[in-house]
1. Which semi-axis lengths, in whole Å and largest first, follow from the square roots of five times the eigenvalues of the Cα gyration tensor of the stretch 15-130?
2. How high is the FRET efficiency between S104 and E55 when r is their beta carbon distance and R₀ equals 22 Å, given to the nearest 0.05?
3. Could you give the nm distance between label points at M68 and M124, where each point is 7 Å from its Cα heading toward the beta carbon?
4. Given the pairs K50/K127; K54/K127; K84/K127; K22/K84, which span a C-alpha to C-alpha distance of over 24 angstrom in this model?
5. Taking a spot 7 Å from the Cα of S35 along the direction of its beta carbon, which residues of the stretch 47-85 have an amide N less than 17 Å from it?
6. Rounded to the nearest 0.05, what FRET efficiency is calculated for D111 and V85 with R0 set to 41 Å and r the Cβ-Cβ distance?
7. Using a cut-off of 10 Å between beta-carbons, work out the net charge of the residues near I44 (Lys and Arg +1, Asp and Glu -1, I44 not included).
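Every number in this text was worked out from the coordinates using simple rules, so none of it is lab data. Since the model is a prediction, treat every value here as computed from it, not as a measurement. Positions of Cβ are backbone-derived with ideal geometry, glycine not excepted, and every protein chain shown enters the neighbour counts.
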Amino acid sequence: MKVPKRIEKRGSVRTQVSVPVKYRVYGEDSKPQKSSVTGHSRDISVGGLKLAVKEHDPIGTELELEIMLPRNLGMHTSARVIGKVVGQDEWRVDGTVTRFNRISFVEPDKDAQVLILRLMFELMRQKGLRK
């Protein structure tokens, strides 16, 4: 019996990669909080990422992100929580149990998208060479 293919809903391909992400939540005054939190991505695409968090943020929460890409490249962008990962609530980063928020970039700039695409292709190339 042939298993039906899962229908993909996302608009861009993601690749699994864990990179440090500093983020600040916007307050009610539409300014980011002064203190930042450092988390990790679980995967990333040109449109967003899954962000490891200690507690889920409400959907619609606005964030300021600084994503630390390899080779000392960084990306600053505004983002919004669009959901939480259900069914995979426990994942360990440095021995700490985390949960994941689904994050969508708000108007990412084209240079940042190119950096993410380069990272994705490099990781895919490395995986292909290991097989």
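1. Numbers: eigenvalues 104, 64, 30 Å².
Output for the stretch 15-130: semi-axes of 23, 18, 12 Å.
2. Working: r = 19 Å, r/R0 = 0.87.
Using R0 = 22 Å, I get an efficiency of 0.70.
3. Roughly 2.7 nm, to one decimal.
4. Details: K50/K127 21 Å; K54/K127 30 Å; K84/K127 28 Å; K22/K84 18 Å.
Among K50/K127; K54/K127; K84/K127; K22/K84, the Cα-Cα distance tops 24 Å for K54/K127; K84/K127.
5. 53-57, 64
6. Numbers: r = 28 Å, r/R0 = 0.69.
Efficiency, rounded to the nearest 0.05: 0.90.
7. On the way: positive: R14, R42, K50; negative: D43.
My count for the surroundings of I44 gives +2.
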